[in-house]
Amino acid sequence: MKRQDEDTESRVYRYGVQTPTKGLDEIHAESERMKELWDRLVDIERETERIHWESAAADSPAMAEAVKKYDAVVAGSDFKAIREAERATWAPLSAWRKTHKEEMKVIELERRAKVVKARQGSPAWWPNYNAVVARYEAQRVAVRKAGRRLRHSREEENGTLNVQIQGTKTGLGAAADELQNGTLSAIQIKALDPGIYDLPRSERRRRTRVDMEMRIDRAGTMLRAKVTMHRPLPPNGRIKAAQLVWRREGTYTRYYLCLVISRPRFERPTVGQGQASIRIQWTPQPDGSVLVADGPLPRVLPARWLSDVRSARAAIGLAAKAVKDGWVRVQRPPGLPKGTHYLTPEQYEALKVQHDGADATNRLRRLLGRRNEEHRLWARAMAMRFAAIRVQEDDDRSIVAQIERGEDANSLRVLAATFRLIAELKHQATEHGSHLDIVAAPLSPEVANNKKLRKLNKAARAKIAIAKKEDGPRPAA
């Protein structure tokens, strides 16, 4: 049975969650079990990659020479040399794979058997280890296309817990009322009076903060937290999965509840009229601002916003450098009893740098959030005003202009977040019935005739492709 019919569409509804009052330790313990499974899957991927190399080296002298050079270089700590040695294996390995497809199938079957064994041996709860395996299968394809390798999990305070709803008596997934009437044992949210959503915003936000329970692990531990249901669940939707997501943002940890909802697809009436043509770019203006999109409704990043972002990043970089150089060490001087509050001038400066770095991280998070929200509002205004929108991505011209100014070719691109702007345009055009035509601009003569710029352009596109996959769920409906 299909998990989703062809005449349905999926949306992700995200709700804010307060810090859980019960189950916080169990949440992090389950997250560690998921990280252990991920690390094992990365080891399997690298074992499979090594089998490919050794099999190809046995048949190809060029591959044997490339592997020999890689083994000699990898013992050192020169990352650039290791990357160059990896790249030297690509061409002979690709040629071997094309002529040894049967052997590739055997190796792939062995890899899948190892993945199944690792999944079955994981102590994580089944929705969580299913999510880890699904992410692994998607990422291994993405990194191979970009010429990269999977990495082991990092020591970071981010994570995701999952609940998969296979079906209830009413069909696949669960209806909105089944999430609130005790039908589901894995997740429950307190029911709300529908009339609450007619109240003023300030009162509505307070009244929609309700209790939530969600299963964490195999032992059946339930977390408890307050969730703000700021928007009602669609009455005709089916809830297929739920995720508790937490992200470390500056000095705070933000929690979210993400519900994957499937609902009937319907033809949306076109709201706007006429057509518009815009060009996506990141062109500096004389007043210090950056033009991200031209056309009838220009999208501009103000000069003050850019200055604030660069100031925050500089403070974060200074704090990181201080920690790396080893001079941020705030310790109690020897000979003083415990509880004595004493700081030397050097220790005071070290504390101040750390505090400024944390404050700058919080400030940067707010600035980038403001940019994303303004991107969304601009895309919504375009989709509501025009029935047809033609978008031209003019990355090459902007890259060349930026290099000619002596700037990093990715600095303004990252600040402008053009891929996020295009994603918002796609989403808003779907929601408001607008026709969107996206055209990738051909290579400009400056890039086509310059080998270095062509390589830079290709690398930048690969980075954006990975960023799109790692950027999380698509904007909520």
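For segment 260-293, taking the residues that are modelled with pLDDT under 80 and basic (Lys, Arg), the one that is farthest from Trp305 (Cα to Cα) is identified as Arg265. Considering segment 412-446, and only residues there that are of a type in the set (S, T, N, Q) and closer than 16 Å to Ile280 by Cα, the residue that is modelled with the highest pLDDT turns out to be Thr418. Of all residues in segment 374-383, those satisfying the criterion of being more than 14 Å from Ala423 (Cβ to Cβ) and either crowded, with 18+ Cβ neighbours inside 10 Å or within 22 Å of the chain's Cα centre (by Cα) (or both) are Glu374, Leu377.
The values are calculated or read from the model by the stated rules, or taken from the named source; none is laboratory data. Nothing here was measured: the structure is a model prediction, and the numbers come from that model. Neighbour counts are summed over all protein chains in view; Cβ atoms, including those assigned to glycine, are modelled from backbone coordinates with ideal geometry.
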